[in-house]
Amino acid sequence: MHKTTIEQITCDQITSPLKRPFITAMHQVNENRAIRVRIALANGLVGVGTATPNEKVTGETLTTLKQVMTDIFTPALLHQDVADWENLLTRVRTVIVNNTPAKAGFEIALYDLRRQLFGVSLTELLGGRPQPVQTDYTISIRPIPDMIAEARELIKQGFTALKLKLGTRPFKEDIQMVARISATVGPDIRLRLDINQAWTVKQTLQAIQVWYAAGLPIDFIEQPVDRLSIAGMQAITAQSLIPIMADESVFSAHDALQVIHHQACDIVNIKLMKSGGLSEAEKINTICETAGIPCMLGCMSESEISIAAAAAFVAAHRNVHFADLDSVFMGAQLPDPHYLTLHQDQLWPAGVRHD
């Protein structure tokens with residue numbers, strides 16, 4: 001048996017409670033949840049990755065995710081050689097359709113093994129220099145006074161960009177809420193607005209007109225309409241004076257080509273759990289960079305293991321202008337420093353020196 005042959009694969013469930021429930025227009029989350037995969041080689045090296053389900057976005061539960069990782073991916077990868085890298089990634093991507101979080105979890109573990117074999121950090125493996133990554137913090141949907149109070153507290157903690165979830169309260173209240181929070185935190189704090197597909201084209205354009213006239217410091221508006229409404233995203237992008245971001249409309253490199261072809265966004269949100277891992281994220285970012293479209297690396301309610309991989313991706317790619325990797329800040333416990341550490345609004349992936 002070759003030293004880089006996969007000898008053992010194990011999958012187990014991990015959960016970590018949040019400080020408070022995280023609520024969007026799509027669902028409520030009370031904990032960071034994941035299926036952890038460990039891939040052991042014949043030479044003793046072990047790579048670790050995690051996959052996070054999202055019933056509303058990618059269509060899995062913890063139960064179905066673990067089952068497919070155990071019953072489909074594990075037998076397909078056992079006894080394969082990590083040195084046969086391209087064929088191994090192809091096997092991960094084609095062993096089953098969809099199931100992108102499972103693919104992402106296995107890819108993260110495989111990339112972890114590859115960077116150990118080369119004796120480098122993941123950021124270096126991806127072509128970058130290890131460095132801290134600045135993230136925003138997402139304020140989920142709650143009563144407006146509570147959201148304002150949380151915004152004040154986050155600014156005290158050192159965050160300079162806040163992401164606001166909209167789409168469940170009356171439309172005019174959402175418009176006013178953004179203005180109230182901006183007035184509270186001041187013009188130097190950047191705002192990022194996520195509608196999670198809850199509005200119409202008409203509502204979105206009306207809100208943009210109000211916010212732009214008020215001069216609010218908004219970086220972008222994320223996925224305001226249904227993910228399948230490319231025509232709706234196109235209409236908003238064409239008329240908006242605020243950048244429009246595609247999130248749920250882009251899972252794959254093919255999706256990225258489609259939204260770019262139809263001029264249906266100004267920015268693309270890449271998530272490892274949507275794309276199926278780092279290899280597809282690379283393709284999406286390359287396509288976007290070629291078209292002059294910047295990207296953001298976002299996340300689900302994920303563990304520090306997959307967030308560390310996402311942070312390494314951000315550090316390695318100059319076309320990734322934004323990071324929304326805040327789930328580790330929302331946890332009731334600090335992340336394992338073996339993967340990353342936190343300082344104010346920054347994530348320090350493993351391999352970054354703390355000088």
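Only the coordinates and a few stated rules stand behind these numbers; no lab work does. In this text the structure is predicted, and so the values were computed from the model without any measurement. Using ideal geometry, Cβ is built from the backbone for each residue, glycine included, and neighbour counts are taken over all protein chains shown.
Once R0 is set to 41 Å, what does the formula 1/(1 + (r/R0)^6) return for the Cβ-Cβ distance between Thr160 and His79, expressed as a FRET efficiency to the nearest 0.05?
0.25
Which order do the peptides 310-316, 298-304, 336-342, 246-252 take when ranked by the mean count of other beta-carbon atoms within 10 Å per residue, highest first?
On the way: 310-316: 28.0, 298-304: 25.7, 336-342: 17.4, 246-252: 22.9.
Highest-to-lowest ranking by the protection proxy: 310-316, 298-304, 246-252, 336-342.
On a 0 to 90° scale, report how tilted helix 230-239 is relative to the longest principal axis of the chain, with both axes built from alpha carbons and the result rounded to the nearest 10.
50 degrees
Between Tyr212 and Glu173, how many nm apart are label points set 7 Å from Cα along the C-beta direction?
Between Tyr212 and Glu173, the label points sit 2.7 nm apart.
Counting pairs of Cα atoms in the stretch 7-57, how many percent are more than 12 Å apart?
On the way: 884 of 1275 pairs.
Cα-Cα pairs of the stretch 7-57 separated by over 12 Å account for 69 percent.
Under a straight-distance cross-link criterion of Cα-Cα below 15 Å, which aspartates and glutamates are reachable from Lys3, leaving out those fewer than 8 residues away in the same chain?
Asp81, Asp84
Match the structure shown to one of the listed values (1) 123, 59, 37; (2) 67, 42, 37; (3) 98, 47, 34 of Cα extents along the principal axes in Å, computed from it, and give that label.
(2)
Taking H as built 1.01 Å from N, whose amide H comes closer than 5 Å to the amide H of Gly59, not counting residues under 5 places away?
Placed amide hydrogens put Asn54 under 5 Å from Gly59.
Using only Cα atoms, tell me the angle between helix 100-118 and the longest principal axis of the chain; keep it within 0 to 90° and round to the nearest 10.
Once rounded, one gets 60 degrees.
With both partners inside the chain, how many of the DSSP beta bridges are antiparallel, as a percent to the nearest 5?
55 percent
Answer rounded, prolate or oblate for the stretch 183-315, using the Cα gyration tensor with square roots of eigenvalues a ≥ b ≥ c: rounded when a/c is under 1.5, else prolate when a/b is larger than b/c, else oblate.
Working: a/c = 1.94, a/b = 1.32, b/c = 1.48.
Note, shape of the stretch 183-315 comes out oblate.
To the nearest 500 deg cm²/dmol, what mean residue ellipticity at 222 nm is calculated for the chain from DSSP H runs of n ≥ 4 alone, each contributing -39,500 (n - 2.57), summed and divided by the residues? Walk me through the numbers before you get to the answer.
Values: 14 runs with 139 residues, N = 355.
Helix-only estimate at 222 nm: -11500 deg cm²/dmol.
Is any residue of the stretch 35-51 close enough, with backbone N under 13 Å, to a label point placed 7 angstrom from the Cα of Gln8 along the Cα-Cβ axis, and if so, which?
The answer is 38-47.
At a threshold of 8 angstrom on Cα-Cα distance, excluding pairs fewer than six apart, so keeping six or more, what relative contact order does the chain reach in percent?
Once normalised by length, the contact order is 19 percent.
Kindly count the pairs of lysines across the stretch 41-186 whose alpha carbons are less than 22 Å apart, treating pairs on different chains or eight or more residues apart as eligible.
Lysine pairs, 8 or more places apart or on different chains, close enough: 7.
How far apart, in nm, are the 7 Å Cα→Cβ label points at Leu45 and Val120?
Output for this residue pair reads 1.3 nm.
Ranking request for peptides 16-24, 129-137: highest mean number of other beta-carbon atoms within 10 Å first, then the rest in descending order.
129-137, 16-24
For the pair Gln344 and Ala183, how long in nm is the line joining their label points, each one 7 Å along Cα→Cβ?
Distance between the two pseudo-spin positions: 2.8 nm.
Which stretch or stretches of the stretch 141-162 have amide N atoms under 20 Å from the point lying 7 Å from Asn30's Cα along the Cα→Cβ direction?
141-143
Using the Karplus equation 6.51 cos²θ - 1.76 cosθ + 1.60 (θ = phi - 60°), what ³J(HN,Hα) coupling, rounded to whole Hz, does each residue of the stretch 133-148 give in order, writing x for Gly and Pro?
In residue order, the calculated couplings are 10, 8, 10, 7, 10, 8, 8, 7, 6, 8, x, 4, x, 5, 5, 5 Hz.
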